[in-house]
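Bear in mind these aren't lab numbers, they're just calculated from the coordinates by the rules spelled out. What you see is a predicted model, and the numbers here were worked out from it, not measured in a lab. Because the Cβ atoms are built from the backbone with ideal geometry, glycine has one as well, and the counts that use them run over all protein chains shown.
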Amino acid sequence: MVKEHEISEEMLNLFKQVAKDYCSKFGLTDWDVRISHLKRNTGDMATLTYAHAARAANIDIDIAYDVDEDEVHMSALHEVLHLVLTDMREAYSQYLDADVVERERERFESVEHAAINRIINAFKGGRNDK
Ligand SMILES: [Zn+2]
């Protein structure tokens, strides 16, 4: 384990605070959102998992290197936006066969990420033509 590449305690706490703030701003008060640091080294900065019926969600921070405040803000916002979109995803997924959902997973995720990136860009006040 290479210690100097781990996220600092300060950035970890900032992530948790920022994610909680965005949950509040987006009115996600009907969700029980827990934030943990699992160090699974998935390659993603963080991952959202949830039990929709129970309205229980987990944001697992998986940043295996030190990051700056801007990266922490954007990553926390990204995961909270996934949670914002969860009801929409669940609403249309229930009308699709499980094999279709699985087969089209990448396409659904790509569309969702495009929407998330548009919202994040608006938050940043900038524009991303990619
Ligand atoms: Zn994502």
Margin query: With the requirement that a residue be touching a residue at least 24 places away in the same chain (Cβ under 8 Å) and either part of a helix (DSSP H, G or I) or of a type in the set (Gly, Ala, Ser) (or both), what does the stretch 17-30 give you?
Written below: 18, 19, 22, 23
Note to self: So if I check each of 70, 66, which one is under 22 Å from residue 124 (Cα atoms), among the acidic types (Asp, Glu) and surrounded by 13 or more Cβ atoms within 10 Å (Cβ to Cβ)?
What the structure shows: 66
Notebook entry, point to check: Among the residues of the stretch 31-53, how many are in contact with a strand residue (DSSP E or B) (Cβ under 8 Å, 6 or more places away or on another chain), part of a loop (DSSP other than H, G, I, E, B) and not charged (D, E, K, R)?
Noted result: 3
Next item on the list: Considering every residue within the stretch 116-126, establish whether at least one is surrounded by 16 or more Cβ atoms within 10 Å (Cβ to Cβ) and either within 16 Å of the ligand (Cβ to nearest atom) or under 15 Å from the mean Cα position of the chain (by Cα) (or both).
Entry: yes
Notebook entry, point to check: Checking residue 109 against (1) within 12 Å of the ligand (Cβ to nearest atom); (2) within 19 Å of residue 16 (Cβ to Cβ); (3) more than 11 Å from the chain's Cα centre (by Cα), which single condition isn't satisfied?
Noted result: (2)
